[in-house]
Each structure stands twice: as C-alpha cells, then as structure tokens.
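Have a look at the structure below before the remarks.
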Amino acid sequence: MKTKIYSIVLGIVLFSNFFSGQAKKPTLIILPSDNWCEQRFFMSEFDNQGTKQKVPNYKQAFQEDTEIGQVISKIGSLMIDRGFPLKDAEQELKAIEQRTAEDNVTSSVSSGASFSESPLDKLKNRAKADIVIQIWWKVSKSEQGRVISFVLEAFDAYTNKRIAASSGNGAPNNSDIVPVLLQNAILANIDPFVIQLQSHFDDMFNNGREIRLTVRKWNNWDKDLETEINGEELTDHITKWMEENTVKGRFNKTDASESILRFEQVRIPLYDDKNKAIDARDFGKKLQKFLKSSPYNFEVKLMTRGLGETILVLGEK
C-alpha cells in the first residue's frame, strides 16, 4: 500500500514539474519602433561595412524624450503581470556604452579593421532577450478628446521574424497623460498578443530555437568541403554532426559546394544541461570543437552575426 501511495505522489510531482517546465516564459525587451524614432529624429548613421545605414538612436531617445521611459515602463508592467521576464533596455544601453570605448580601440592585428556591429545587434547580444517588442504610438485630437493609436509588434531576437502584432485606438480622453492613455489602449488588446508570444515560445521550447549556420573555407586552405576523411566527404561528416546535435534533427541544407556549406532553420536547444540559454555562438562553438578534434584537427575561426547566426571558417584563425 505504501509503495502504491509513493508511486502516486511521485507521479504527481513529475507531472507538476513537466508542466511547470512547459510554462517557462520568454525574456522580453521593449524598444520604440524604427518609425517612431524616425518621426522624432532619433536616428543616426551607421557604417555597415562601407554602406551608410540609418538606425534608431535609442540612447538619444531615452535621454531627450519625456514619454518613452514611462511608456515602456507601463507596457513592461502589463507583461510582468502576465509572467513575462523583462530586460530593461535603458540600463542595457548604459552597460553597452561602458564597453564601447574598449571596443573602439580594438582592431584586427593583420588589417587594422575594427568591429562592425549595428547598435541593435549590440543591444541584443548584451541583453540576450528571446523577443524584442517594438512600440509605435500617435496622439490625435477629436471632438470627444485626444485619441491614441498604437502598433505593438514582437520579433524573434534571433531570426528577426515577426511573431506577434497588435494595433488599435484608445477611447477619447483629455485628462490622462500619454503613457496612461497608451497603457489603457494596449490593455484592451493585449491578451491575443500575449497568446501569440507564448505560442511562439512554446514552439521553441518543444522544437528548438531557430538559427543559421554557415561553414566556409579560407581561399588559401589546402583542403575543401569535398575532401574525403575516412571514406566520406567533409560535408557528410558535418551533416551527420548536425543531425545528432540539432533538436529532432531539424535543419535545412540550403547550399553545399566545395567552398561553402549553408544551413538554415537550424533548431537548437533553448538551454543546456545547466539551464543556461544557448545562442548561435554557443552552438557554433560545439561544432568548432568537433572540427578541431581528431581525425580533423582543423584550425577553425568562429564568427557571429547577432544572436542568430554563426559562421565557421576552416583553415586558419
């Protein structure tokens, strides 16, 4: 009888642990949208490998706009109330600024080239949030009072894919300040938005996080991806490793030649065995270690683009 009761209790505990794991929430960071920054002239130019590109100046927005901090705080409270962990964008930006001086004097030993990274990529890499939420709003006047319109969009921080969206108008009101108007307008529309967020995260929890991985070779390397090792081409060795290390063996091989091997929609675990979040770099380092070991013994350079793409270059560092 005691054994039966113990088995029932153990089953309940395991059942509870299973569903508490499934209920894990994605980490969020909230930012003003590109369009909002453009309309308020919070933009700056970024040199993207020789091409000039306009990007939001989040630091300037937080310093000069009187509403954005309150707006993000109001939206953040709505998300926290629904159990979503939140990273503070303003604090993360301050932390990035402290490291910028060091990065600015860091350059390549051989060519003198400096780092090339967009401000948003820096923020994503620092905050390591799963989802970036962007907010746009506008206040218009009507006969009944001020009306606030908003667009709330969520993007996967790793793939930049839009995963949730909500828009609407608040009720006319002349007494409340803009952050409160916006909070009330979003509150009436937030539940479907939250369901979309959780659905996306549940998919990641069950099927893995999506990243991109590319394997290339330096042009002075005396081997290539068609080189045979133990009777099989190097491409086949790497493909087998991918099958064994991705979630449910899920990935697409979109390009394969003697000089490049490209994988997309690569599904990797969200967490390692120590419950630490895994990004594309962590996954790429595992493949790098594999290719540096016997029977390969290759020199492998590891590079990343944002959180969601890793590039391995064979031949030298």
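The values are calculated or read from the model by the stated rules, or taken from the named source; none is laboratory data. Fair warning: this is a prediction, and the values are worked out from it, not measured in the lab. Ideal geometry is used to build each Cβ from the backbone, glycine not excepted, and the neighbour counts take in all protein chains shown. To get the accessible areas, we keep the full protein, side chains included, count just its heavy atoms, and leave off ligands, DNA and RNA. Shrake-Rupley method; radii C 1.70, N 1.55, O 1.52, S 1.80 Å.
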Send over the semi-axes of region 123-180's equivalent ellipsoid, whole angstrom and largest first, taken as the square roots of 5 times the C-alpha gyration tensor eigenvalues. 31, 12, 7
Restricting everything to alpha-carbon atoms, can you work out Rg to Rh for region 267-317 with a Kirkwood hydrodynamic radius? 1.02
Estimated FRET transfer efficiency when R0 is 22 angstrom, pair Asp88-Thr66 (beta carbons, to 0.05): 0.75
Of all the accessible heavy-atom surface of the chain, with the other protein chains kept in place and a 1.4 Å probe, what percent is carbon and sulfur? 48
In the calculated pair distance distribution of region 29-73, what percentage of Cα-Cα distances lie above 13 Å? 55
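With every protein chain kept in the model, how would you rank Arg212, Arg305, Arg281 by accessible area, 1.4 Å probe, largest at the top? Write out the running numbers ahead of the final one.
Working: Arg212 80, Arg305 140, Arg281 105 Å².
Listed by decreasing accessible area, they come as Arg305, Arg281, Arg212.
Just in region 231-278: which GluC sites (Glu not before Pro) are loop by DSSP and have at most 16 other Cβ atoms within 10 Å? Could the numbers behind the result be given before it?
Details: sites: Glu232, Glu233, Glu243, Glu244, Glu258, Glu264; in loops: Glu258.
Sites meeting the loop and neighbour criteria: Glu258.
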Along each principal axis of its Cα atoms, how long is the chain end to end? Whole angstroms, biggest number first, please. 78, 74, 33
Just to confirm the number: angle between the C-alpha axis of helix 89-104 and the first principal axis of the chain, 0 to 90 degrees, nearest 10? 40
Unsatisfied cross-links (Cα-Cα over 20 Å) in the set Lys52/Lys122; Lys52/Lys138; Lys217/Lys248; Lys59/Lys122; Lys122/Lys292: Lys52/Lys138; Lys217/Lys248; Lys122/Lys292
Express the Stokes-Einstein translational diffusion coefficient of region 226-308 in µm² s⁻¹, to the nearest whole number, given a Kirkwood radius over alpha-carbon pairs, 37 °C and a viscosity of 0.692 mPa s. 238
Just the accessible area per residue of the chain, please: how many Å² with a 1.4 Å probe? 55
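Relative contact order of the chain: what whole-number percent is it, with Cα pairs under 8 angstrom and at least 6 residues apart? Present the calculation step by step, with values, prior to reporting the outcome.
Numbers: 511 pairs, mean separation 44.4, N = 317.
Result for the chain is 14 percent.
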Around Glu45 (Cβ within 11 Å, Cβ-to-Cβ, excluding Glu45; K/R +1, D/E -1) the net charge comes to +1
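Count the net charge of all other residues whose Cβ sits under 13 Å from the Cβ of Asp81, scoring Lys and Arg as +1 and Asp and Glu as -1. Let's see the in-between values first.
Values: positive: Lys25, Lys74, Arg82; negative: Asp191.
For residues surrounding Asp81, the net value is +2.
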